[in-house]
1. Among the numbered conditions (1) surrounded by 16 or more Cβ atoms within 10 Å (Cβ to Cβ); (2) outside the structural domain of residue 381 (by TED's automatic domain parsing); (3) under 19 Å from the mean Cα position of the chain (by Cα), tell me where residue 123 comes up short.
2. Residue 405 is checked against (1) within 30 Å of residue 130 (Cα to Cα); (2) at pLDDT 90 or above and fails just one. What number does that condition carry?
3. Can you tell me which of (1) surrounded by fewer than 15 Cβ atoms within 10 Å (Cβ to Cβ); (2) more than 11 Å from residue 304 (Cβ to Cβ) is the one residue 398 doesn't meet?
4. Report, by residue number, each residue of region 145-166 that is closer than 16 Å to residue 300 by Cβ and either in a helix (DSSP H, G or I) or free of Cβ contacts under 8 Å to residues at least 60 places away in the same chain (or both).
5. Inspect region 167-184 for any residue being in a helix (DSSP H, G or I), buried (at least 18 other Cβ atoms within 10 Å of the Cβ), out of contact with any helix residue (DSSP H, G or I) (no Cβ under 9 Å at 6 or more places or on another chain) and at pLDDT 90 or above and give the result as yes or no.
6. Pick from region 83-120 the residues that are surrounded by 19 or more Cβ atoms within 10 Å (Cβ to Cβ) and under 15 Å from residue 59 (Cα atoms): which of them is modelled with the lowest pLDDT?
7. So which helices (runs of 4 or more DSSP H) stay within region 22-118 end to end and still have 1 or more residues that are under 25 Å from residue 135 (Cα atoms) and in contact (Cβ under 8 Å) with a residue 60 or more places away in the chain?
8. So how many residues does region 323-349 have that are touching a helix residue (DSSP H, G or I) at 6+ places or on another chain (Cβ under 9 Å) and modelled with pLDDT under 80?
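The values are calculated or read from the model by the stated rules, or taken from the named source; none is laboratory data. None of these values were measured; they are calculated from a predicted model. Note that each Cβ is placed from the backbone with ideal geometry, even for glycine, and that neighbours are counted across all protein chains shown.
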């Protein structure tokens, strides 16, 4: 049997069953001696608890059948509804039809999922109104599970990319600020990769190494020194070490340490690479592309992109963002990814303004001060930059968030 046949049968079974159940319950309610106009009327007239009264009302009045199906009560609770209706004088034949319809609903649970919890998730995922709620619930559950299975979590992950003017004609410098805030260890012995200075620029470019630290004073060897933005890290500085050299630079690992909220960590790094990003599209290129990897369980992901006005002139149309699972691959440019990896969620970049003042968010401590210092170190005027933000709550681990925008050829 093809997958499309299975999906079609599920949808047909749910549609038939819920239509029948809604009709039979509606008839029962219409036979009550008192008028029912709200959930309050249901539990007041029948002497039911508020939750059960709400469920009965929603089944009758919810237009989205797959959303309505999640409100079908358990058999025991539905029995209380039937007994209350019988006590109010509703005829047995109508009550029997409603009981038969509920039995049919539980039969399709056995056929399609085997248990009610799985069925509710399948229903919500097929629902017009409920799919976002279902995916949000599952992502939140995954965050808590992975936080304890992996042994570490963070409140917020920040990736801020700044594409600014370069001394090299026709090119841009690229700075990146990366942070993990309120990092908490949940079990002893946990070591964790917190930074890899790596990016893709367009479909045809290879990965590049950031060789300079944004922090003023000196150019550091990134294999020997972590490029912290020290004022915005927790003190004492997080104990990081370089564990290996990735194809695009060093990988920094958080060392083992104490557990719990009394030992929360903020780690922020800043790097810049000079003259590596073309202002105008090269032959065969149709869009700018930036990707961010998520391998730490976090409650919030913030991707901020600062485009210099010279680059903004080459952008057209609305920018796009999508999230892809990294279970089958280690990432890479979108040209090498498959739509089978796409995570079913709506992610939208938003143009939030120009300069650094528009970028304030309570999710990132001292973010405005941080950006002001970064722009000062880079000697760029922040008012010449357009800012796009993409925010994701409870992103899947592991995954990659991709941003892309169309480019205009002059």
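1. Residue 123 satisfies all of (1) surrounded by 16 or more Cβ atoms within 10 Å (Cβ to Cβ); (2) outside the structural domain of residue 381 (by TED's automatic domain parsing); (3) under 19 Å from the mean Cα position of the chain (by Cα) except (3).
2. (2)
3. Failed condition: (1).
4. 146, 147
5. No, region 167-184 contains no residue that is in a helix (DSSP H, G or I), buried (at least 18 other Cβ atoms within 10 Å of the Cβ), out of contact with any helix residue (DSSP H, G or I) (no Cβ under 9 Å at 6 or more places or on another chain) and at pLDDT 90 or above.
6. Ranking the qualifying residues of region 83-120, first place goes to 120.
7. 65-69, 92-112
8. 3
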